[in-house]
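The values are calculated or read from the model by the stated rules, or taken from the named source; none is laboratory data. Worth saying up front: this structure is predicted, and the values here are computed from it rather than measured. So basically every Cβ, Gly included, is an ideal-geometry build from the backbone, and we count neighbours across all protein chains shown.
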Amino acid sequence: MEFNWWTFGFQVVNVLVLLGLLSHFLFRPVSAMIARRAEETRKVLQEAEQAKKAAAETRKAAEEERQQFQQQRPELLERARREADQQRAELIGEARNEAARIISEADKKAARMLGRAGQAQAEETKRLALRVAGRLVENLPEGPPLSGYADRLVEAIGKLDAGAVDALLNGSGKLTLVGSFAPGQSDIDAVRKALAVAAGKEVALEVETDANMIAGLELKSRHGVIHNSIRSDLERVAAAVMGNDRQD
């Protein structure tokens with residue numbers, strides 16, 4: 001076999017050209033890619049290390065907070081218990097106050113209802129008593145006697161002083177004698193005489209009748225009245241009964 005230098009030279013040139021091509025188109029890009037990957041790997045590792053350090057610091061801070069919480073836990077529990085007890089006491093107090101208010105309102109409402117019912121019943125009883133008394137007086141054979149009422153009125157006038165009579169007159173200078181029936185002249189004269197004695201002067205006296213009085217003889221003015229009749233007696237008794245009912 002004969003060695004050909006020209007062939008060997010061409011092969012060497014081909015190898016050198018191939019190596020140049022590979023170096024330019026393969027080795028350099030691959031090297032750059034490897035260097036780039038190495039840099040990225042280094043950055044990833046660096047970031048992982050930083051994340052590891054951050055996680056460690058976070059775990060350390062969490063552990064410190066946990067230990068601090070464990071130390072403060074009894075105090076926090078005691079504070080929470082006190083606040084809960086206070087809130088519970090406030091709620092109980094508010095509930096009691098509300099219950100007391102509701103009970104008070106209910107009692108007042110019940111008292112008003114009972115008062116209205118009692119008053120209505122008393123008013124009805126009074127009206128019934130007035131009707132019964134009126135019927136009884138109407139059935140008297142000679143009409144109701146006024147002489148007894150005249151004596152009572154004269155006695156009541158005799159207990160008045162001049163100041164009381166002036167207050168009753170209050171400058172009007174006259175009074176009205178009201179009877180359930182027309183009073184007799186003797187009764188009128190007796191009342192006029194008693195007024196003159198009490199007031200120290202003559203007093204003008206007018207006479208009227210009011211069948212609603214049932215029986216009686218009263219002295220009235222625009223400023224006052226001396227009650228002296230069955231109706232006024234019944235109203236006084238009814239008022240006393242109603243007052244006793246309210247007290248009970």
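Restricting segment 180-200 to residues that are among the charged types (D, E, K, R) and farther than 21 Å from residue 214 by Cα, which is surrounded by the most Cβ atoms within 10 Å (Cβ to Cβ)?
192
Determine whether segment 166-178 contains at least one residue that is in contact (Cβ under 8 Å) with a residue 24 or more places away in the chain, in the same structural domain as residue 228 (by TED's automatic domain parsing), under 11 Å from residue 219 (Cα atoms) and touching a Gly at 6+ places or on another chain (Cβ under 7 Å).
Yes, that holds for at least one residue.
Among the residues of segment 163-173, are any assigned to a loop (DSSP other than H, G, I, E, B) and either modelled with pLDDT of 80 or more or closer than 13 Å to residue 151 by Cα (or both)?
No, segment 163-173 has no match at all.
Name the single residue that is farthest from residue 196 (Cα to Cα) among those in segment 224-241 being modelled with pLDDT under 80 and out of contact with any Gly (no Cβ under 9 Å at 6 or more places or on another chain).
Only one residue fits best here, namely 241.
The conditions are (1) loosely packed, with under 15 Cβ neighbours inside 10 Å; (2) at pLDDT below 85, and residue 146 fails exactly one of them. Which is it?
Checking residue 146 against (1) loosely packed, with under 15 Cβ neighbours inside 10 Å; (2) at pLDDT below 85, the one that fails is (1).
Filter segment 208-232 for residues that are hydrophobic (A, V, I, L, M, F, W, C) and surrounded by 15 or more Cβ atoms within 10 Å (Cβ to Cβ); which is nearest to the chain's Cα centre (by Cα)?
By that ranking, first place goes to 225.
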